[in-house]
Amino acid sequence: MVAVIFFKTNYMKTILLVEDNDDMRENTAELLELSQFTVLPAKNYDAGLTLASKNKPDLIICDTDVPGLDRFKKLIALSAMGSMVPFIFLAAQLPEPNRNDVAVQGAGFLAKPFKADDLLNAVNKYISA
């Protein structure tokens with residue numbers, strides 16, 4: 001029997017995941033971890049801000065309905081933790097004009113529920129940019 005051990009190395013990217021729904025946060029984090037990303041899960045905006053300031057993530061994924069500041073203030077505050085951090089918003093519904101505003105701010109958008117491939121494609125697009 002051979003045991004496989006994964007060590008965190010420089011090539012593993014860190015993703016801050018801010019999602020208030022426990023099941024969604026846990027399932028999304030597991031999917032990302034299985035894809036060899038380090039995940040920093042946060043249940044609310046304040047916890048996410050604390051994690052971002054201490055860990056300098058390579059990407060931030062944030063639900064638009066997480067308690068705290070409005071989504072554009074979140075984008076600015078979390079990204080200001082260092083250099084501009086790529087940002088993907090998750091939302092069950094976001095009217096078209098708001099979706100365009102998010103894109104103008106440089107953030108991505110992914111509608112919930114999403115397929116695993118859609119999430120990973122978005123992550124890879126923004127994390128390698």
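The numbers here are math on the coordinates, done by the rules we state, and not lab data. As the structure is a prediction and not an experimental result, all values here were calculated from the model. In this analysis, Cβ positions are derived from the backbone assuming ideal geometry, glycine residues included, and neighbour counts consider all displayed protein chains.
The figures follow:
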{"item": "Backbone HN-Hα couplings from phi across the range 42-57 [Karplus 6.51/-1.76/1.60, Hz, Gly and Pro as x]", "result": "9, 7, 8, 4, 4, 5, x, 5, 4, 5, 5, 5, 8, 10, 6, x"}
{"item": "Charge tally in the Cβ shell below 12 Å around Asn27, where Lys, Arg are +1 and Asp, Glu are -1, Asn27 excluded", "result": "-4"}
{"item": "Amide hydrogen neighbours beyond the local backbone of Leu17, cut-off 5 Å, H modeled", "result": "Leu40, Ala42, Ile61"}
